[in-house]
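Right, one structure below, let's go through it.
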Amino acid sequence: GIVGDYRESGKSIISCANYGVVTGTENSVGGIAGDFGSGTIQNCANYGDITGADIVGNLIGDGYICNLNNVLGTGNVIATSDTERAGLLVGRIQDSSSTASGILAYNSSAKLTINKIEQTGNAVKAIGKGSLTYPEKIKAFTAEQLKSGEVAYLLNGSKSEGKLAWYQKLLGADADAYPVLTAAEGNPVYKGT
């Protein structure tokens, strides 16, 4: 979606969003990066559906050492082959020293389809194959939670002032259904009582 192959070491992708549908006919397809070497993906979101043969994810298709910090995936993920390397956030993480910080949020209503079979129950995975240190940072949110501003607030580290990355217009005909990375007048999210 943003970068096809980003295998350089120690690089970062920060504050990027993909809204488009990404379709690949091969392996390693992601909304932010198809292949990601080692580094950080921070304050990034994928909103579009992602399709590939194998190693497919909302954010990253294939990652080696991934440090994911405050990211969001809302699109459906479709792997056209029979694979275990497809997930609602990342298709595969190769190195177990990969970490999660902040929160790694995804839409609990998004569909994970593998070889034409929609996954259900425990077969639905955020990380298809591999793991991250601090897996408790990975959280599924309902469409209502995503629309409410709760997730934008959490992605900002539970703060509403100072330097923010995430915003959301909550009211009106042009309200945002999900947190966004675009600052506009009237769209910082504050915690209600």
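The values are calculated or read from the model by the stated rules, or taken from the named source; none is laboratory data. Quick caveat, the model's predicted, so the values are computed rather than measured. Methodologically, a virtual Cβ is constructed for each residue, glycine included, from the backbone with ideal geometry; neighbour enumeration extends over all protein chains shown. Ligands, DNA and RNA are excluded from the accessible area calculation, which covers all protein heavy atoms including side chains. Shrake-Rupley method; radii C 1.70, N 1.55, O 1.52, S 1.80 Å.
For Ala152, the conditions (1) open to solvent by 30 Å² or more (accessible area, probe 1.4 Å); (2) without any contact (Cβ under 8 Å) to a residue 40 or more places away in the chain are fulfilled apart from (1).
Could you grab me the full set of residues in region 41-73 that are among the polar types (S, T, N, Q), within 11 Å of the chain's Cα centre (by Cα) and closer than 19 Å to Ile117 by Cα?
Looking only at region 41-73, we keep the residues that are among the polar types (S, T, N, Q), and these are 42-43, 46, 51, 58, 67, 69-70.
The next check asks that each one be within 11 Å of the chain's Cα centre (by Cα); those that pass are 42-43, 46, 58, 69-70.
Asn58 - this is the single residue of region 41-73 that is among the polar types (S, T, N, Q), within 11 Å of the chain's Cα centre (by Cα) and closer than 19 Å to Ile117 by Cα.
Quick grid of which residues meet (1) closer than 19 Å to Ala140 by Cβ; (2) touching a residue at least 40 places away in the same chain (Cβ under 8 Å); (3) over 15 Å from the mean Cα position of the chain (by Cα):
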position	(1), (2), (3)
Glu8	no, no, yes
Ala17	no, yes, no
Gly24	no, no, yes
Val29	no, yes, no
Phe36	no, no, no
Lys111	yes, no, no
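Selection within region 22-35: residues that are of a type outside the set (Gly, Ala, Ser) and over 17 Å from Tyr106 (Cβ atoms). The member of this set that is surrounded by the fewest Cβ atoms within 10 Å (Cβ to Cβ) is Thr25.
For region 6-21, enumerate the residues that are closer than 19 Å to Ala79 by Cβ and open to solvent by 90 Å² or more (accessible area, probe 1.4 Å). The one that is closer than 19 Å to Ala79 by Cβ and open to solvent by 90 Å² or more (accessible area, probe 1.4 Å): Val21.
The set of residues in region 15-27 being at pLDDT 95 or above and assigned to a strand (DSSP E or B) consists of Ala17, Asn18, Val22, Thr23.
When region 36-78 is limited to residues that are among the hydrophobic types (A, V, I, L, M, F, W, C), open to solvent by 10 Å² or more (accessible area, probe 1.4 Å) and over 16 Å from Gly4 (Cα atoms), the one that is modelled with the lowest pLDDT turns out to be Ile65. Within region 157-168, can one find any residue that is in contact with an Asp or Glu (Cβ under 9 Å, 6 or more places away or on another chain), farther than 18 Å from Gly73 by Cα and either open to solvent by less than 70 Å² (accessible area, probe 1.4 Å) or without any contact (Cβ under 8 Å) to a residue 40 or more places away in the chain (or both)? Checked region 157-168: no residue is in contact with an Asp or Glu (Cβ under 9 Å, 6 or more places away or on another chain), farther than 18 Å from Gly73 by Cα and either open to solvent by less than 70 Å² (accessible area, probe 1.4 Å) or without any contact (Cβ under 8 Å) to a residue 40 or more places away in the chain (or both). Is at least one residue of region 61-70 more than 26 Å from Glu144 (Cβ to Cβ) and hydrophobic (A, V, I, L, M, F, W, C)? Yes, region 61-70 contains at least one residue that is more than 26 Å from Glu144 (Cβ to Cβ) and hydrophobic (A, V, I, L, M, F, W, C). Where strands (runs of 3 or more DSSP E) sit wholly within region 83-193, those with at least 2 residues that are of a type in the set (S, T, N, Q) occupy 99-107. Annotation: Asn187 fulfils all but one of (1) of a type outside the set (A, V, I, L, M, F, W, C); (2) open to solvent by 70 Å² or more (accessible area, probe 1.4 Å); (3) in contact with a strand residue (DSSP E or B) (Cβ under 6 Å, 6 or more places away or on another chain); the unmet one is (2).
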